[in-house]
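Below is one structure, written out as structure tokens; the observations come after it.
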Amino acid sequence: MKILVTGTAGFIGFHLAKALLERGDEVVGVDNINDYYDVELKYSRLAETGIASEAIIDNVLVQSSRYDKYQFVKLDIAERPLLDLLFTSAKFDKVINLAAQAGVRYSLENPQAYIDANITGFLNILECCRFNNIKHLVYASSSSVYGNNLKMPLSTSDNVDHPISLYAATKKSNELMAHTYSHLFGLPTTGLRFFTVYGPYGRPDMALFLFTKAILANQPVAVFNNGEMQRDFTYVDDIVDGVVRVLDHPPLLENASSEDPSVSRTAPYKIYNIGNSSPVRLMDFIGAIETKLGLQGQKKFLPMQPGDVPMTWADTSDLQSNLDYTPNTPVKEGVGNFIDWYRKYYQV
């Protein structure tokens, strides 16, 4: 099977590409390698899959030295003509779109980046899938679409019409756009509402990275909402397992007979939560980091940030029942794996 994975210099995309290659799939990776965070980390991820930074030229396919079925191209999905050319020449079977402008807080500073990547870019992906006989489009949504929903656990049957950040609004828009293309053109689409993902090669703007860096540098750890936060932390290997299961099972029109908004009676369309379904208190998460590091962090307690929420908790019952998805990485183990990687990568 030949699969396009966008965002393969990113955290989840990097791990996903490796998993698909290791099971024998042919993969083409796409990423624009923007400077939202340290590009050297992105190039390091690519290097782990055999893509040398010095070989990367804009819009040119580069062959991996490690995987004979992996090619990478530095390309922005917002550039429609180039994306068209890639689709028509490569003849993909399935597409996983993880390319996006991420981050709730950054959307307050640079909203245009979210429109370009998450709206224009996603429309281009949909159009290319429509005209190239793609058998299944899997795309990244986000738990942020739930906004200030107070009912826990968060379920795909919940109303998500009140986002509290532009990032969330773009992800909700992706779900609506995907349904339209599923309905009008029969394109099978599955959206995945990712909950807080962590692990080796994680993003520097995420909690685990920030806390580890601060504690090792003997600097204060910013703890928002005075520590009264819970997150459905999910280890990246468990996330990748879920994405692969979803990829292999496109939604079918005949199965879409419920009033649940996560399915459709008129389209091969599905939305899943993908998380650990086991929220962890932020202070306990910090405690696991401190235990692994053998250091006590300085905590600076702060109020809630705009666009943030006090708790996330994924109801993954339909993913479990439909695809036998069961995350099995304890937080202490996952945190330990990250810190082992961090110490080695940064030589600290």
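The values are calculated or read from the model by the stated rules, or taken from the named source; none is laboratory data. No experiment lies behind these values; they were computed from the predicted model shown. Cβ coordinates were reconstructed from backbone atoms using ideal geometry, including for glycine residues, and neighbour counts include every protein chain displayed. Accessible surface areas use protein heavy atoms only, side chains included; no ligands, DNA or RNA. Shrake-Rupley method; radii C 1.70, N 1.55, O 1.52, S 1.80 Å.
Extending each Cα 7 Å along its Cβ direction at D324 and L85, get the distance between those two points in nm, one decimal.
So the label points at D324 and L85 sit 4.4 nm apart.
So for the chain, averaging the separation of alpha carbon pairs under 8 Å that are six or more residues apart and normalising by length, what relative contact order in percent results? Kindly include the intermediate steps, with their values, before the conclusion.
Values: 692 pairs, mean separation 57.9, N = 348.
Rounded, it is 17 percent for the chain.
What percentage of the solvent-accessible surface of the chain, computed with a 1.4 Å probe over protein heavy atoms, is contributed by carbon and sulfur atoms? Intermediate values should be presented prior to the final figure.
Values: 7510 of 14770 Å².
Answer for the chain is 51 percent, counting heavy atoms of protein chains only.
Label points 7 Å out from Cα along the Cβ direction at A52 and L184: separation in nm?
4.5
Give me the net charge of Y67's neighbourhood, meaning all other residues with Cβ under 11 Å from the Cβ of Y67; Lys, Arg count +1, Asp, Glu -1. Working shown, then result.
Values: positive: K18, R66, K69; negative: E22, D25, E26, E48, D68.
After counting each charged neighbour, the total is -2.
Just going by the charge dipole of the chain, with Lys and Arg at +1 and Asp and Glu at -1 on Cβ, which of F224, V104, L61 is farthest out on the positive end?
F224
Expected output is a single nm value to one decimal: the length gained when fully extending between S317 and K151, i.e. 0.36 nm times separation in residues minus the C-alpha distance. What is it? Don't skip to the end; give the middle numbers.
Details: separation 166, 0.36 × 166 = 59.76 nm, distance 1.56 nm.
Stretched fully, the S317-K151 segment lengthens by 58.2 nm.
Which one, S155, S165, S65, has the greatest fluctuation when you compute a Gaussian network model over the chain with C-alpha springs under 10 angstrom?
Result for the chain, Cα springs under 10 Å: S65 fluctuates most.
Given a 1.4 angstrom probe, what's the average accessible area per residue across the chain, in square angstrom?
With the other protein chains kept in place, the chain gives 42 Å² per residue.
As a test of reading the structure, rank K172, K300, K332 by solvent-accessible area (1.4 Å probe, protein chains only), most first.
I get K332, K300, K172, largest accessible area first.
Once ligands and nucleic acids are excluded and a 1.4 Å probe is used, how much of V223 is accessible, expressed in Å² to the nearest 10?
Near enough 0 Å² of accessible area.
Pull out a ≥ b ≥ c, the square roots of the eigenvalues of the alpha-carbon gyration tensor of region 1-104, then state rounded if a/c is under 1.5, prolate if not and a/b is larger than b/c, and oblate in the remaining case. Can you show the working numbers first?
Values: a/c = 1.33, a/b = 1.09, b/c = 1.22.
Cα axes put region 1-104 in the rounded bin.
Report relative contact order for region 121-209 in percent, whole number only (criteria: Cα-Cα under 8 Å, sequence separation at least 6). Can you show the working numbers first?
Numbers: 86 pairs, mean separation 34.3, N = 89.
Computed over region 121-209, the figure is 39 percent.
When the dipole is taken about the Cα centre of region 204-251, and only Lys, Arg (+1) and Asp, Glu (-1) are charged at their Cβ, what size is it in debye, to the nearest 20? Walk me through the numbers on the way to the answer.
Working: 3 positive and 7 negative charges, 44 e Å.
Its charge dipole is roughly 200 debye.
Placing +1 at every Lys and Arg Cβ and -1 at every Asp and Glu Cβ, with all other atoms neutral, what dipole size does the chain have around its Cα centre, in debye to the nearest 20?
Numbers: 31 positive and 39 negative charges, 70 e Å.
Computed charge dipole of the chain: roughly 340 debye.
Could you work out the helix-only [θ] at 222 nm for the chain, with each DSSP H run of four or more residues adding -39,500 (n - 2.57) and the total divided by the number of residues, to the nearest 500 deg cm²/dmol? Each step should come with its number before you reach the end.
On the way: 11 runs with 125 residues, N = 348.
Value at 222 nm, helices only, nearest 500: -11000 deg cm²/dmol.
Leaving ligands and nucleic acids out of the surface, order I57, I125 by accessible area at 1.4 Å, largest first. Could the numbers behind the result be given before it?
Details: I57 105, I125 0 Å².
Accessible-area ranking of I57, I125, largest first: I57, I125.
Give, in nm to one decimal, the length gained when the segment between F131 and Q219 is fully stretched (0.36 nm per residue of separation minus the Cα-Cα distance). The partial results should precede the final answer.
Details: separation 88, 0.36 × 88 = 31.68 nm, distance 5.23 nm.
Between F131 and Q219, full extension yields an extra 26.5 nm.
Could you give the size of the charge dipole of region 1-99 about its Cα centre, using +1 on the Cβ of each K and R and -1 on the Cβ of each D and E, expressed in debye and rounded to the nearest 20?
On the way: 11 positive and 15 negative charges, 74 e Å.
So the magnitude is around 360 debye.
With the Cα gyration tensor of the chain giving a ≥ b ≥ c as the square roots of its eigenvalues, does the rule (a/c under 1.5 for rounded; else a/b larger than b/c for prolate; else oblate) give rounded, prolate or oblate?
Details: a/c = 1.67, a/b = 1.21, b/c = 1.38.
Oblate shape, in that a/c is at least 1.5 and b/c is the bigger or equal ratio.
Which of G199, G103, G294 ends up with the largest GNM mean-square fluctuation for the chain, with Cα atoms connected below 10 Å?
G294
Determine the gain in length on full extension of the stretch Q296-V60; use 0.36 nm per residue of separation and subtract their C-alpha separation, reporting nm with one decimal.
Numbers: separation 236, 0.36 × 236 = 84.96 nm, distance 4.75 nm.
In short, 80.2 nm is gained.
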